[in-house]
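Working notes, beginning with the structure itself.
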Amino acid sequence: MSNHLILPSILTADFLHLEKEIEMVNASEADMLHLDIMDGVFVPNLTFGFPVIRQIKTASRKPLDVHLMIVDPDRYLEQYREAGADWLTVHYETCPHLHRTIQRIRELGMKPAVAVNPHTDVSLLQPVLKDLNMVLVMTVNPGFGGQKFIDASYGKIRKLKKMILEAGAETLIQVDGGVTEGNVATLVEAGVDAFVVGNTIFSASDPLRVISNLKNQK
């Protein structure tokens, strides 16, 4: 049995029947629920704000992994905690004082994670690796669901895994974008611990079976 984590991404769920979608995730082998927060500035899309997160929190029995694709995330850290975030991911590209941001997320009682865009070199995270619970390697350009996996990501993941081992850190590696039943095993082998999966789950005729397949890939 593999011990990697599966995080369905609510972005591609049916928002007209959101409670039903969350109930499906509750009943599944998924480990957390992933929420993509986009501001239309850092990425070319808008998603949802605090009222929706609070509603999701009341319905979800899984921890909430909240990914902030927004400029100036420091302004809102406390509000995300209050809305129900358990894990909070900020982007390397939007945090001029990254170490301070990470410390603040932890002080607020959340688990801090940092995301890097496809063009950002993971070696830039060396100084903060031990302060993080997780690094999110974006395997598509952030902004929209349903994109194709960027193959250069494999090299990045292997490099990051080596950095984590050499630092003696316990930081998890998460990937988001283009994850399918066909590439999970290869990604686990490269060093991935956690998978954000949207389209593959929510467009399936039997999402529970897909989650189980993803979870139990060796």
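Rule-based calculations on the coordinates, nothing more; no lab input. The structure presented is a predicted model; accordingly, all values stated were derived computationally and were not measured. FYI the Cβ positions are ideal-geometry reconstructions off the backbone, even for glycines, and counts take in every protein chain you see.
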Discussion item. Starting from the 7 Å offset along Cα-to-Cβ, what nm value, one decimal, do you get for the label separation of residue 218 and residue 159?
Written reply: 3.2
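Beyond 32 Å between alpha-carbons counts as too far, so tell me which of 20/159; 57/130; 111/156; 57/162; 57/159; 20/218 fall in that bin.
20/159; 57/162; 57/159
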Worksheet item: Computed FRET efficiency, Cβ-Cβ of residue 147 and residue 50, R0 30 Å: what is it to the nearest 0.05?
Response: 0.65
Response to the item:
Counting only DSSP beta bridges fully inside the chain, the antiparallel percentage to nearest 5 is 5
Worksheet entry | Distance between modelled label sites at residue 20 and residue 130, nm, 7 Å Cα→Cβ extension | 5.1
Practice prompt. Lys and Arg at +1, Asp and Glu at -1: add these up for the other residues within a Cβ distance under 15 Å of residue 32 and post the number.
Written response: -3
Worksheet item: Hey, fewest Cβ within 10 Å first, where do 120, 12, 186, 89 land in order?
Response: 186, 120, 12, 89
Practice prompt. Provide the gained length on full extension for the span residue 189 to residue 41, in nm with one decimal, where the gain is 0.36 nm per separating residue minus the Cα-Cα distance.
Written response: 49.8 nm
Discussion item. Given a 10 angstrom Cα cut-off, can you work out which residue in 201, 37, 150 is the most mobile in a GNM of the chain?
Written reply: 150
Worksheet item: Per 10 Å bin, what percent of the C-alpha pairs of the chain does each bin hold, from zero upward?
Response: 8, 37, 40, 15, 0
Response to the item:
With Cα springs under 10 Å, the Gaussian network model of the chain assigns the largest mean-square fluctuation among 16, 88, 125 to 16
Worksheet item: To the nearest 20 debye, what charge dipole does the chain have about its Cα centre, counting +1 at the Cβ of each Lys and Arg and -1 at the Cβ of each Asp and Glu?
Response: 360
Item to complete: Sticking with the crude label model, points 7 Å out along Cα→Cβ, report the distance from residue 58 to residue 29 in nm, one decimal please.
Response: 3.2
Worksheet entry | Along each principal axis, Cα extent of the range 8-127, largest first, Å | 41, 30, 26
